[in-house]
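Reading through the structure tokens given below for one structure.
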Amino acid sequence: MSVNDRVRTGTTAAGSTAAGSTAAGSQGPHRASGGDQAPRGLKRVVAASMVGTVVEWYEFFLYATAASLVFGTVFFPNAGSQLDGIIAAFLTYAVGFVARPLGGIVFGQIGDRFGRKQTLQVTIIMIGAATFLIGCLPGFATAGYWAPALLVALRFIQGFALGGEWGGAVLLVAEQSPDRSRAFWASWPQAAVPVGNLLATLVLLAMSALLPAEEFLGWGWRVAFWISALIVLVGYYIRTHVTESPIFVETRAEMEATRTARLGVFEVVRRYPRGVLAAMGLRFAENILYYIIVSFSIVYLVTVHKYNTSQLLLALLIAHAVHFAVIPQVGRLADRIGRKPVYFAGAVLGATWAFFAFPMFDTLNPVLIVAAVTIGLCFHALMYAGQPAIMAEMFPTRMRYSGVSLGYQVTSIVAGSLAPIIASALLQRFGSWLPVAFYIVIACVITAVTVLTIRETRGISLRSVDAADAARDTATARVRA
């Protein structure tokens, strides 16, 4: 029986444990994960989590956009065609996704053992340093094959750090949010992702608009990567003022007192395989849809229609701004009517997107292009906004960081990392967007089925999740005795 099953059915022992944990924990209005009112200081935690996430994803998505526009020419100039160079650049992009589960495993265990705050300070420095150095790399014409090799190495470091970033950022908020509004508050770190993407797009838009194409390919793109050094310092400073969630502090103290220190990915997989698989299924379509919209759309318009780069970046800029505004409202909706109906609607609507979006792209009408991308990101928000709350409610505190990081990051290998590559290959093979549309449909069907198999957790107490986990340990110990 999963932890959600136990929580929904309820036990006297679990209730007693939850009550005792609450009494033993923080007092007053800062009590984590309880009541209807936002704890004092929650907005500060949300802001700190968002700022760091903006920095992290600015750098990560900067690479994605540069892979579409620049890297195929600078680092892979011997490709047979423009699409061949882009596919090669996307393969280096995929390296970051391969590294993310490794980072999730390592930093998940560190975060569950030592705390979310320390982990987030390390990840932001790692990804900042890697991004700055990417901007310093020589091109293929100067360094030969050393250029793409170094690009791959730095991309791996980026992905490894980001693998530990997401879980810590969302859990800092989710674990301190009221039960009845957890999806809303925890959606704000998700909303920071389009802000980071927006900033990356804005910087590249400015550089491509102000510089001739030769200068942009020569050195202009590097400025966007160097800027990261400044914003990393701001993000790191703010994260030094983040406080650990009371529920985590209590759990760590209890584990130290009882010497229950079995943590990490293997324990999560052993105890909560259903939760990990469900998290992966939920993530699958959302991740694929997003990268088709923000990465492959660029490839399609540039390679098929030779669409103006600056106009395309402007379209993404508008879409990211709308995405940011929509995500918290979807989180609020998930608190009001439930996680499942909102997520299911996102999967169903996401399956329809390509069938009207690509014909809108083919018109080359700027308004229709902006509308197509914006609608797609709104469909994506229906799945994305509720993810932190849903995944946090699947795992107990003592292994929550590992659980959510594993489910979230492993999926990125077979979903987001491959989506632009598969879509570009399908376009090259068939010369049509239709196979790409059916690829999205298959992904959305997988996620929709997953949504139907999970339990609704709206309003659940994270302390009751911990209590169910403790009751399970007690029952197992009695059986063994």
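The table below gives the values:
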{"quantity": "Failed item, numbered, when PRO138 is tested on (1) under 20 Å from LEU151 (Cβ atoms); (2) surrounded by 19 or more Cβ atoms within 10 Å (Cβ to Cβ); (3) over 18 Å from the mean Cα position of the chain (by Cα)", "calculated": "(2)"}
{"quantity": "Verdict on PHE132 being on the phi < 0 side of the Ramachandran plot, at pLDDT 75 or above and surrounded by fewer than 20 Cβ atoms within 10 Å (Cβ to Cβ)", "calculated": "yes"}
{"quantity": "Unique residue being closer than 24 Å to LEU62 by Cβ, out of contact with any helix residue (DSSP H, G or I) (no Cβ under 7 Å at 6 or more places or on another chain) and of a type in the set (Gly, Ala, Ser) when the list is ALA99, ALA141, ALA169", "calculated": "ALA141"}
{"quantity": "Among (1) within 27 Å of the chain's Cα centre (by Cα); (2) at pLDDT below 80, the one test that ILE125 misses", "calculated": "(2)"}
{"quantity": "Residue in the stretch 441-455 that is in contact (Cβ under 8 Å) with a residue 24 or more places away in the chain and either within 17 Å of ARG270 (Cα to Cα) or touching a strand residue (DSSP E or B) at 6+ places or on another chain (Cβ under 7 Å) (or both) present", "calculated": "no"}
{"quantity": "Flag for ARG339 being crowded, with 19+ Cβ neighbours inside 10 Å and among the basic types (Lys, Arg)", "calculated": "yes"}
{"quantity": "Sole residue being in a helix (DSSP H, G or I) and either more than 30 Å from ARG332 (Cα to Cα) or touching a Gly at 6+ places or on another chain (Cβ under 7 Å) (or both), chosen from LEU172, LEU150", "calculated": "LEU150"}
{"quantity": "Close pairs from the stretch 215-226: first under 14 Å from PRO138 (Cβ atoms), partner outside any helix (DSSP H, G or I), Cβ under 7 Å, at least 6 apart", "calculated": "ARG222/GLY135; PHE225/GLY135"}
{"quantity": "Qualifying positions in the stretch 176-209 - touching a Gly at 6+ places or on another chain (Cβ under 8 Å) and either among the acidic types (Asp, Glu) or without any contact (Cβ under 8 Å) to a residue 40 or more places away in the chain (or both)", "calculated": "ASP179, MET207"}
{"quantity": "Residues of the stretch 442-481 that turn out to be modelled with pLDDT under 95 and more than 15 Å from PRO341 (Cβ to Cβ), as a count", "calculated": "22"}
{"quantity": "Any chance SER405 is crowded, with 21+ Cβ neighbours inside 10 Å, in contact (Cβ under 8 Å) with a residue 24 or more places away in the chain and closer than 29 Å to PHE114 by Cβ", "calculated": "yes"}
{"quantity": "Output for the stretch 260-289, where each listed residue is of a type outside the set (A, V, I, L, M, F, W, C), surrounded by fewer than 23 Cβ atoms within 10 Å (Cβ to Cβ) and at pLDDT 90 or above", "calculated": "PRO273, ARG274, GLY281"}
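This table checks each residue for (1) in contact with a Lys or Arg (Cβ under 9 Å, 6 or more places away or on another chain); (2) more than 10 Å from GLY407 (Cα to Cα); (3) assigned to a helix (DSSP H, G or I).
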{"residue": "ALA279", "(1), (2), (3)": "no, no, yes"}
{"residue": "LEU282", "(1), (2), (3)": "no, no, yes"}
{"residue": "ILE288", "(1), (2), (3)": "no, yes, yes"}
{"residue": "LEU301", "(1), (2), (3)": "no, yes, yes"}
{"residue": "TYR307", "(1), (2), (3)": "no, yes, no"}
{"residue": "LEU312", "(1), (2), (3)": "no, yes, yes"}
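The values are calculated or read from the model by the stated rules, or taken from the named source; none is laboratory data. Since the model is a prediction, treat every value here as computed from it, not as a measurement. Cβ atoms come from the backbone with ideal geometry, glycine included; neighbour counts cover every protein chain shown.
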